[in-house]
Each structure stands twice: as structure tokens, then as C-alpha cells.
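In what follows, a single structure is set out as C-alpha cells and then discussed.
Bear in mind these aren't lab numbers, they're just calculated from the coordinates by the rules spelled out. If you're wondering where the values come from, they're calculated on a predicted model, not measured in any experiment. We place every Cβ from the backbone using ideal geometry, glycine too, and count neighbours over all the protein chains shown.
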């Protein structure tokens, strides 16, 4: 299955990397930010989310204070209440994005002063964008000695800006802008409205620059109940960092004659889309490889309109950054009908394992597994076995007979739902939970979606961790290269998928179905009513706690080191009338903790909608070292940098009633 | 909005019956549910079909208070802009969900105060 013909040049570079690693002799090698900077969305090109700074440590963590707050609320027609940006720090500036316009800003790292701002002119592409929010940040590279900031806008244009001034680079694309709707395929493209065929494509992540090539991913509208089985595929492209010229395209839905084409039955390859790389990208510039992870093909929960294995849906793909050629790939879910899109930037790390320094790439997932590969060959570091899975009885669906099961590291979240997993705080609550869940099909990992009003009396099927469980983008994962440890934030979750015929699907967005007299249905054969799960009795979570956790995994052995709940038991559990008088251990918060690793600490926020507290824990034991209060709740992974001798931590905050801003913390002067 | 505003009870018009303590007792107005339907299809339908909110949904929340549900929805939804609706709009969405589940409307506007809504217990429709 995997291509092994990667270049001699890359082999030589790899050997060099191995030698370099071996000379320093630590457990985990390579990467981490340098010089107090944070040059990539994930810190470094391997998305480690690790800073080697140590000024903030266990002794002084609780002395942290807010140094500045940068208001993002006015960068768009409405305040942003979600804000998922992580700034870069290069030299004397921070660079990031703000608001639904995804304006690019440069900020003074010491004071929070805005230094410059750029925004794309408005056009209908912005109006139609399905990802106005969720802008995660920018990319940075130096081109012929000049710092350049790259951003992908909600309308799916790419801009290159002078890092000093924010002025578009005139020789990049057309006056600094490249239209990313062009070059995707044989689609008619209107200058202001983009691709005119059925479908949508945009992006929420930054691109990544690898040895002079900008690699661009993409994202789409949610696919829970698409209006049609057709969409634009999220092909991956490489652009010249200086000129903006498109150099290559890798087809995530392969054309005839390309590897993987035979995994699409009939004409499904012609019309199926999505398979986007919405998670940020990672790279190993010494190998000249970019690591791309993809999402589910069109229609998250029904695959009868796209029978077959559906490569490269829900896969990790290693591409040569200069040519776009596939070096290797691994498909995590065959014929994905669980919306198990890959949510995290792959982690690149060298770790001593079985007596040799293994160049690893790791993807943490909504399935609750960390998939660990040799990033040079694509070989799993620990066996990943094809095992039989339950089969669908939905008309027209054909489930893959097997799916890949990670044998090590052990899952970091609950997988599948059985009666034993339902809450049992009291016998009454348990009985009520059993009754509620009894309407649906329980089952193991990869339990297939089923029909609403099924003749057998059921109304859908459970799967877990599901759409919102496991690992996901807000918290993600972080690594400690000093000790070869992976930290992953996860949420306990499940989905109950109830399929209805597309023709009977109720109207979706009013603005897509403006005339109430005209039926507004989906042309997909079946669609899900939504991705959510069900509540337990009295509004309590259906599943047993912990509701959110951080797990430390030793990549040298694949063993879990420790697991801690995310923060304290939330108020809605603590104060719930049905639980009064019961002794319930810390359940943690039902959110993805947002995590950062430094030389000295693992630092985390509790995540969206939870208490505004920043925690510090011991990296080796998970024991809490300290906590400080934040002005508002954290929404995404934070970053750290050194500026004028002072270590800062900058994080995005936002939430219900809390307009987006960046908050910078440091020790008192 | 004007129509809703004029429907607000004044002190002279306050009903003489005790305020409802259960969703079976008419805790929202027809106008609130109508406006809630518009919001549901303008905003919530991006991720949710109405089918998600009937049957098991109301059975799950039965026993909790309307305030608990209001707090949950108003602090977490819409997913890409949590808390961005006005409090009265969240109340309208809940009114629509209650209507979907066959719970009766009444004469009194449903409050958008979490504390007041904590006094109303969620129950599914009878039978």
C-alpha cells in the first residue's frame, strides 16, 4: 500500500537528522521553538506546541499577571465569541488574525500595541464563506531576506504581506493575492463569486511554508446533512513562496490512473468532495515532507453515494513539499461514515524507542487514538491491526468489513458505548439513563449510523467518542521533546446518528431555502439529523465521568504515564439537584483543555465555556503545581515567547458574552 | 419586536393564577414559539434539524429546570458564536422546542432570566 521510493536526497538528510539526534542522547529529540520565538502556528514546523523557555516555572507560576490585553472584537461586523487564533512571534512582532474578516495584525510583544493591520477587500466570497470564524493564524517565511506573512482568507484567497509593514507583496500573485479557487479542477470560476458549481471550499487554518513552497489546505461547510452528495474536493496544493505561482496539486480524490482511484466505485470520484485538510499542516523540512491530514468525504454519516474505501478520506498523507508526490499515506478510517475527520496538526518528534531513535509523526484523533508512525516510511511504530467491525443495515450503504485498530498506545478516551458506560450516580439515574439509551443501538468503536424510525424500533446508533469527543482542534496535543512524552487533551463524548432520507430532510438554513413554498430537501440518499448525542436524565451527561481529561503518553514505550481530569467538577454537576449529598470524585470539565508544554511545566486552560483558570502541572506526574485566574475562558491552544528578557504566555479568550481578545501573561517586572 | 413588547404583561394585566411551575402549564406564548422557529431555521439549522429536539431530547431534560436548559444553550450555542443571541431570543428558541414537543403555549411570556426559569421544571407532554 505504501510508496517507498522517496529520494536519496531525503534519505541522506534523514541520516543526518538521526546522527544529530543521537549525539545529544536525550529520550526525545528535535524541534521545539528556538530563540524565544514561535514561528509557526504550532510553535515549530512539527507543531510541537513546546517552548524550551524556563523563566516561568513551578516556583513562580502563581505570580503570573496580565501584562496586556488586545481587543479583537472590532475586527469584523460583529464581535467574535469563539476566537481560535494562536499568534506567531518573529523578531519584534507578534502576527495573528482577528475577527470574521480574518484581518491580519502585527502586535508589539511587550505592550500589545497594534503595529499594523491588513484585511481583504470585501466581496461575495466572504459573504458565502462557511468558515468566517475559526481563523487560526498565519504562516511566516523569509524570502530573499524579507519577512513575509501568509494568510488564507475566509473567501479562500491567499495573501502575502510584508512582515514589517503589512503591505501586500506586489510580485506575489496579483498585487499580493492568489485566488485559491483557481487551479482546483475543471470548474468555472467567477472572479468575485469563486467556483460556480455545487459546493463550497474555504480554509480556517494557516498554510505552512516548507523550503520555499507554501502548502495550502482547506476546509468546507459542515457535512452532517449536506444538501447534495456533490462537493469540491479539498485537493492539496503547493505554491512558490516568492511569486505565488501554483507548483503542484495533489488530488485527495484521485483521478483515473492515479493511485487510489479504484477506491471510488462508479462515478463517485467525479462528484464527491470534502476530504479537506482543515487541521493545520506540519512538516519536516529536512525530509522535505509535509504531513497532511484529511477529513471525511462528502456526507459525514452516509456513504452509499460514494461506495468504496474512499482514499484519501480520513488519512494522513506524507507529500514531497517540492513536487506534491505522495511519499506514504495511512488511512485511519476506511469509507468513513463517522465524521472522524483528522482534527490536529500532526506532531513531529524523534524518540528513542527499542534502542533506536525513531523519527515519529503522531496524529491524535476524534477516535480516541494516537496513531504513531515512522514519519520517513509510514510504518506504524506499534502494530495497527485490521479488525472486523459491525456492518450497516442502512439501504444502499456498504460498510468497510474491517477498520484499522491501534494496538498501542492505548486509547485515551472511551470508545464505543455499552450499558456499563452510562451514568450510575444513583440507581434511579441509572435506570433512567438505560431507558433513554435504549431507543438507540449501542455498540463498539465503529458502530455504524442507522435509521430514524427503524423497523426494529430503534431511532439511530451510538458511536463514541463521536463528533465532539476524543481529541479535537481547540485543545489538541503537545509534546515534550526532552522526555519523549505526548500530552493529549480529550473530551468524553458520543454521537447518536439518526439517518433520514435526504428527500425528507427538513429545510436547512433559511438563506439556502429562501422560499418556504419550495421544498428544500437534500439530494443525498440519506443524511443525519445532526451530529449530537443525547443527554442523560435531568440534563446530566449520559456517560460516566471524567468529562474531560489530559493524558500523558510516554512515546518511548507507548504506555500511559498519567491521566488527570480537566480542572475541577463543573458547577452544573456540583449543584445539580439530583446529585446533592453524593460524594462524586472530580469529574473534570466537559471541554478540551488547551495545552502548552514548556521546559518546566505543562500549562493548560480549561477550554471553551469553562472556568477562566490557567493551571500548571508537573510534566512527569500530572500533579497540579499552581493556578492563576484569567480575565476570561481560554478557547484555543496558547503560545509562549521571550521578549526583552521576559517570558510571556499569550492566549486567546472568548465565550458567551465575552468578546474575543488576546491576553498576555508574564511574571512581574 | 413591537408585537412581543406589547404582549408583555403589565402589573394591571398580571394573571391571577400562580406562575407556571412545569412546562406542562403553558410557559411560553405562541408568538415566542413562532419567532423561535425563525431563529432555529436561520441559525441553529446550520447543525441541527428539528428532529433532534423531539422525543428523547425532552425526556432527557425532564426533571431539570428550564433555567438549566437556558443556561446550557445560551452559553454554548450557536457553536461558532456562543452567547451571541439576545436572552429573549434564547427564550424564543426554547419556546419553539417546547412547542415541537407538544407542550402547550400559554398567555405569559417566558422569562429570559435564568433564576426565574429555574423555578420551572421540564416535563414532557402527557401521554
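Please state, as a whole number in µm²/s, the translational diffusion coefficient that the Stokes-Einstein equation yields for the protein assembly as shown at 37 °C and 0.692 mPa s, with Rh defined as the Kirkwood radius across alpha carbon pairs. Translational diffusion coefficient: 122 µm²/s. Taking the number of Cβ atoms within 10 Å of each Cβ as an exposure proxy, the fewest-first ranking of A:179, A:80, A:456, A:44 is A:456, A:179, A:44, A:80. Highest average first, the peptides A:135-144, A:632-641 ordered by how many other beta carbon atoms sit within 10 Å of their residues are A:632-641, A:135-144. Across the stretch A:618-638, the residues whose backbone nitrogen lies under 19 Å from the label position 7 Å along the beta-carbon direction of residue A:65 are A:627-632. Here r is the Cβ-Cβ distance between residue A:57 and residue A:571 and R0 is 22 Å; the resulting FRET efficiency, rounded to 0.05, is 0.10.
A Förster radius of 35 Å combined with the Cβ-Cβ distance from residue A:325 to residue A:644 puts the calculated FRET efficiency at roughly 0.20. Each of B:44, A:520 has some number of other Cβ atoms within 10 Å of its Cβ, and from fewest to most they run A:520, B:44. Counting Cβ atoms of other protein chains within 10 Å of each residue's Cβ and taking the mean over peptide B:72-84 gives 6. In the stretch A:369-526, the inverse of the mean reciprocal separation of distinct Cα atoms equals 18.7 Å; this is its Kirkwood hydrodynamic radius.
Spatially, the stretch A:113-181 and the stretch A:66-106 are offset by 14 Å when compared through their Cα centroids. Calculate, for residue A:198 and residue B:86, the FRET efficiency according to 1/(1 + (r/R0)^6) with r their C-beta to C-beta distance and R0 41 Å; round to the nearest 0.05. Result of the calculation: an efficiency of 0.75.
Model label sites at residue A:582 and residue A:621, defined 7 Å from Cα along the beta-carbon direction, differ in position by 3.1 nm. Taking N as the residue count of the stretch B:21-117, its C-alpha radius of gyration divided by 2.2 N^0.38 Å amounts to 0.97. Under the simplified labelling scheme, the residue B:107-residue A:563 pair shows an inter-label distance of 5.6 nm, with each label point 7 Å from Cα along Cα→Cβ. Each of residue A:388 and residue A:34 was given a label point 7 Å from its Cα along the Cα-to-Cβ line. The distance between the two points is 5.3 nm. Shielding of peptide A:655-665 by partners, expressed as the average count of other chain Cβ atoms within 10 Å per residue Cβ, is 2. Taking every C-alpha pair closer than 8 Å and separated by at least 6 residues, the mean separation divided by the residue count of chain A gives a relative contact order of 15 percent.
For the stretch A:499-644, the spherically averaged projection of the C-alpha convex hull amounts to 15.5 nm². Relative contact order of the stretch B:21-117: 54 percent, from C-alpha pairs under 8 Å at least 6 residues apart in sequence. Based on Cα contacts under 8 Å between residues 6+ apart, the stretch A:215-293 shows a relative contact order of 33 percent. Taking other Cβ atoms within 10 Å as a rough exposure proxy, B:53, A:172 sort from fewest to most as B:53, A:172. The Stokes-Einstein estimate for the stretch A:573-669, based on a Kirkwood radius over Cα pairs and taken at 10 °C with 1.306 mPa s viscosity, is a diffusion coefficient of 107 µm²/s.
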